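Quick notes on the structure that follows.
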Amino acid sequence: MFLLDILKIVNVARDSITKFEIVRKVIERVNGAGERTLRERREILKRVSEFENFSTCCPNDMLKAKGLVSEIREVINIKDSFTRMRQEVEKERREKLRNILKK
C-alpha cells in the first residue's frame with residue numbers, strides 16, 4: 001500500500017511530516033509503479049484539476065498554488081485534445097475500412 005507508512009507517521013507524530021512531504025512520497029510511489037497505477041495517477045490529476053478552494057493555503061502560497069493548478073488543467077486539456085483527435089482519426093479509419101469491406 002502506498003500510504004501505510006505515511007499513515008503511521010501522521011497518527012504517531014503528525015508534526016514530523018509536512019503535507020508537501022506526504023504528497024511528494026505518494027506521487028513518487030504512484031509514478032514509480034508505472035502502468036499498473038495509471039488509474040490512480042488519472043484520479044490524482046482529476047482531483048487536482050477540480051480543486052478550486054485555495055483558502056486553506058498559506059497566503060504566500062495561494063497565488064502559486066492557483067497558478068500550478070491552472071497549469072495542470074492546461075496540460076490535461078492539451079493531452080485530452082490529442083486523445084480526442086487520435087480517436088476521431090481511428091474512427092474514420094475504421095469507417096473507411098468497413099466501407100471498403102462492404103463493397
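The values are calculated or read from the model by the stated rules, or taken from the named source; none is laboratory data. The shown structure was predicted, so the numbers you read here are calculated from the model rather than taken from an experiment. Note: ideal-geometry Cβ built from the backbone for every residue, glycine included; neighbour counts use all protein chains shown.
Filtering region 40-60 for residues that are within 20 Å of Leu3 (Cβ to Cβ), in contact with a Phe, Trp or Tyr (Cβ under 9 Å, 6 or more places away or on another chain) and either surrounded by 10 or more Cβ atoms within 10 Å (Cβ to Cβ) or free of Cβ contacts under 8 Å to residues at least 24 places away in the same chain (or both) leaves a non-empty set.
One residue alone among Lys96, Lys79 is under 25 Å from the mean Cα position of the chain (by Cα), surrounded by 10 or more Cβ atoms within 10 Å (Cβ to Cβ) and basic (Lys, Arg), and that residue is Lys79.
Mind checking whether some residue in region 9-26 is aliphatic (A, V, I, L, M), within 13 Å of the chain's Cα centre (by Cα), under 20 Å from Val69 (Cα atoms) and exposed (fewer than 14 other Cβ atoms within 10 Å of the Cβ)? Within region 9-26, one or more residues are aliphatic (A, V, I, L, M), within 13 Å of the chain's Cα centre (by Cα), under 20 Å from Val69 (Cα atoms) and exposed (fewer than 14 other Cβ atoms within 10 Å of the Cβ).
Of all residues being touching a Lys or Arg at 6+ places or on another chain (Cβ under 8 Å) and at pLDDT 90 or above in region 1-36, which is farthest from Ile72 (Cα to Cα)? Just the residue, please. By that ranking, first place goes to Ile6.
As a summary of the residue check, Phe82 satisfies the conditions (1) assigned to a helix (DSSP H, G or I); (2) in contact with a helix residue (DSSP H, G or I) (Cβ under 7 Å, 6 or more places away or on another chain) except for the one numbered (2). Looking for something part of a helix (DSSP H, G or I), among the aromatic types (Phe, Trp, Tyr) and on the phi < 0 side of the Ramachandran plot - is there at least one such residue anywhere in region 6-27? The answer is yes, given that some residue of region 6-27 is part of a helix (DSSP H, G or I), among the aromatic types (Phe, Trp, Tyr) and on the phi < 0 side of the Ramachandran plot. Filtering region 28-79 to residues that are aliphatic (A, V, I, L, M) and outside any helix (DSSP H, G or I) leaves only Ala33.
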